[in-house]
Amino acid sequence: MNILVLAGGLSPERNVSLSSGSLISAALRRRGHKVLMLDVYEGTVMSTDPLSMFTSEQQEALFVSEEVPDLEELKRKNGGGDALIGKNVLQLCALADAVFIALHGAMGENGQLQATLDSFGITYTGSGYAGSLLAMDKDLSKKMLIGAGVTTPPWIYCDAKSCEVDKIISEIGLPCVVKPAAGGSSVGVSIVDTKEQLEAAFAEAGIYEANLIVEKKISGREFTCGILEGQVLPPVEIIPKQGFYDYKNKYQKDATTEICPAPLTEKELEDISQATRLAFSALRLSGYSRFDFIMDSDGVFWCLEANTLPGMTPTSLFPQEAAAVGISYDELCERIAMTARNKK
């Protein structure tokens with residue numbers, strides 16, 4: 001097949017996406033497909049023979065740096081443009097047999113891209129626009145989770161410039177977690193223990209988004225659990241060596257201990273699996289997704305958020321879960337690509 005991999009974008013998770021996209025592209029080429037990887041924001045110059053842009057030749061892999069990308073500098077390098085989809089991207093998507101969305105955050109996960117591709121009759125991997133929107137907006141997703149009987153930490157949704165500190169402390173308490181309402185990869189996330197830290201956390205998260213979630217901090221063991229074409233995969237236990245599971249600990253080698261399959265009792269495994277199934281259904285997701293949980297001292301699993309386009313970097317969790325049931329990285333990428341093809 002000719003497969004177009006969309007990566008990059010105008011998002012704080014841009015570098016993660018470029019790494020995921022380069023590795024996905026390499027895997028699909030090893031499976032015999034011809035692949036074109038495009039930066040959805042930067043676009044490309046169209047060849048006189050567009051199909052020749054899809055190639056089976058391997059290209060250099062990209063890896064995630066510790067720094068969050070400077071998006072304003074990226075815009076300056078591209079003429080200051082605010083258009084989220086670059087030149088010739090949609091035309092090349094239409095030529096592909098399948099579009100593999102390897103984006104993370106922003107319009108890649110909030111439903112904007114999915115709705116655009118739907119409008120042009122282009123099929124793609126992952127969930128549709130409605131599920132993507134519901135999962136990306138943490139306020140909406142938590143409301144949907146509660147409606148489905150999935151336990152999630154209490155929260156307040158507020159504007160970064162007008163969050164009421166005293167109200168938050170009264171209703172949510174300390175410690176708490178401040179995060180952008182529609183962000184990912186823990187960009188802009190802070191764990192707060194004092195009133196002073198809370199005010200600083202608003203400013204930090206507000207760099208990335210105007211709307212925030214302030215959530216009660218649940219103490220316990222951290223897990224993530226994926227689902228692929230209806231099959232719940234073995235969960236991973238996540239143990240950062242320092243601090244919490246932030247952007248640096250997620251993407252830098254040896255920063256976190258990850259145990260897969262996670263050491264859970266039979267009942268605990270059934271509980272997290274059932275919560276994953278319910279969350280997947282409640283948020284109207286399809287294809288594949290991953291859910292983050294904290295298990296407290298009473299054995300209750302608290303669902304923190306959904307990831308509709310899980311990372312596919314060397315340190316990413318979803319490929320580890322697939323490997324635990326005998327699905328290699330290359331096979332996983334091909335299976336995901338085929339979910340787009342099968343929509344036609």
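The values are calculated or read from the model by the stated rules, or taken from the named source; none is laboratory data. Keep in mind it's a predicted model, so treat the numbers as computed, not measured. Don't worry about glycine lacking a Cβ; one is built from the backbone with ideal geometry, like all the others, and counts go over all protein chains shown. For the accessible areas, the whole protein counts, side chains as well, though only heavy atoms, and no ligand, DNA or RNA atoms are used. Shrake-Rupley method; radii C 1.70, N 1.55, O 1.52, S 1.80 Å.
To keep it simple, each residue is scored yes or no on (1) in contact with a Lys or Arg (Cβ under 9 Å, 6 or more places away or on another chain); (2) crowded, with 19+ Cβ neighbours inside 10 Å.
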{"site": "Leu18", "(1), (2)": "no, yes"}
{"site": "Ser22", "(1), (2)": "no, yes"}
{"site": "Leu28", "(1), (2)": "yes, yes"}
{"site": "Gln59", "(1), (2)": "yes, no"}
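Please go through the range 310-324 and give me each residue that is in a loop (DSSP other than H, G, I, E, B) and either more than 14 Å from Leu23 (Cβ to Cβ) or of a type in the set (Phe, Trp, Tyr) (or both), ordered by number.
In the first step, residues of the range 310-324 are kept if they are in a loop (DSSP other than H, G, I, E, B); the result is 310-316, 324.
Ala324 - this is the single residue of the range 310-324 that is in a loop (DSSP other than H, G, I, E, B) and either more than 14 Å from Leu23 (Cβ to Cβ) or of a type in the set (Phe, Trp, Tyr) (or both).
It is to be established whether one or more residues within the range 239-251 are modelled with pLDDT of 95 or more and open to solvent by 70 Å² or more (accessible area, probe 1.4 Å). No; the residues of the range 239-251 include none that is modelled with pLDDT of 95 or more and open to solvent by 70 Å² or more (accessible area, probe 1.4 Å). Looking only at the range 30-46, residues that are surrounded by 12 or more Cβ atoms within 10 Å (Cβ to Cβ) and over 22 Å from Thr315 (Cα atoms) come to 11 in all. Of all residues in the range 259-301, which are open to solvent by less than 50 Å² (accessible area, probe 1.4 Å), closer than 26 Å to Val177 by Cα and in a strand (DSSP E or B)? The answer is Ser289, Arg290, Phe291, Asp292, Phe293, Ile294, Met295, Phe301.
When residues in the range 325-344 are screened for being surrounded by 15 or more Cβ atoms within 10 Å (Cβ to Cβ) and part of a loop (DSSP other than H, G, I, E, B), 1 of them pass.
For every residue, the table says whether it meets (1) assigned to a helix (DSSP H, G or I); (2) β-branched (Val, Ile, Thr).
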{"site": "Leu4", "(1), (2)": "no, no"}
{"site": "Gly9", "(1), (2)": "no, no"}
{"site": "Ser20", "(1), (2)": "yes, no"}
{"site": "Gly32", "(1), (2)": "no, no"}
{"site": "Thr44", "(1), (2)": "no, yes"}
{"site": "Gln58", "(1), (2)": "no, no"}
{"site": "Lys75", "(1), (2)": "yes, no"}
{"site": "Gly79", "(1), (2)": "no, no"}
{"site": "Asp82", "(1), (2)": "no, no"}
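Do we have Ala255 as modelled with pLDDT under 95 and either buried (at least 19 other Cβ atoms within 10 Å of the Cβ) or among the aliphatic types (A, V, I, L, M) (or both) here? So Ala255 fits the description; yes. Of the helices (runs of 4 or more DSSP H) contained entirely in the range 102-209, those carrying at least 3 residues that are farther than 24 Å from Asn342 by Cβ, open to solvent by 10 Å² or more (accessible area, probe 1.4 Å) and among the hydrophobic types (A, V, I, L, M, F, W, C) fall at 138-147, 195-206.
Quick one: which residue in Glu171, Glu215 is among the charged types (D, E, K, R) and either at positive phi or in contact with a Phe, Trp or Tyr (Cβ under 6 Å, 6 or more places away or on another chain) (or both)?
Values: Glu171 fails: either at positive phi or in contact with a Phe, Trp or Tyr (Cβ under 6 Å, 6 or more places away or on another chain) (or both).
Checking each option against the conditions leaves just Glu215.
Restricting the range 84-101 to residues that are part of a loop (DSSP other than H, G, I, E, B) and of a type outside the set (Val, Ile, Thr), the residue that is nearest to Leu10 (Cα to Cα) is Leu84.
I'm trying to understand the selection: among the residues of the range 108-141, which are without any contact (Cβ under 8 Å) to a residue 60 or more places away in the chain, within 17 Å of Asn307 (Cα to Cα) and of a type outside the set (Gly, Ala, Ser)? Please lay out each step first, then the result.
Step one: filter the range 108-141 for residues without any contact (Cβ under 8 Å) to a residue 60 or more places away in the chain, giving 111-112, 114-122, 129, 133, 137, 140.
Within this subset, residues satisfying the condition of being within 17 Å of Asn307 (Cα to Cα) are 111-112, 114, 129, 133, 137, 140.
Those that are without any contact (Cβ under 8 Å) to a residue 60 or more places away in the chain, within 17 Å of Asn307 (Cα to Cα) and of a type outside the set (Gly, Ala, Ser): Gln112, Gln114, Tyr129, Leu133, Asp137, Leu140.
Contact map, the range 301-328: residues that are over 18 Å from Gln274 (Cβ atoms) paired with residues that are of a type in the set (Asp, Glu), Cβ distance under 7 Å, separation 6+ or inter-chain. Pairs shown: Thr308/Glu109; Leu309/Glu109; Leu317/Glu258; Gln320/Glu258. The number of residues in the range 210-238 being closer than 30 Å to Ser328 by Cα and part of a strand (DSSP E or B) comes to 13. Filtering Ala282, Ala340 for residues that are modelled with pLDDT under 95 and of a type in the set (A, V, I, L, M) leaves a single hit, Ala340. When restricted to residues that are in contact with a strand residue (DSSP E or B) (Cβ under 9 Å, 6 or more places away or on another chain), over 22 Å from Met144 (Cβ atoms) and open to solvent by 20 Å² or more (accessible area, probe 1.4 Å), the range 302-324 contains 3.
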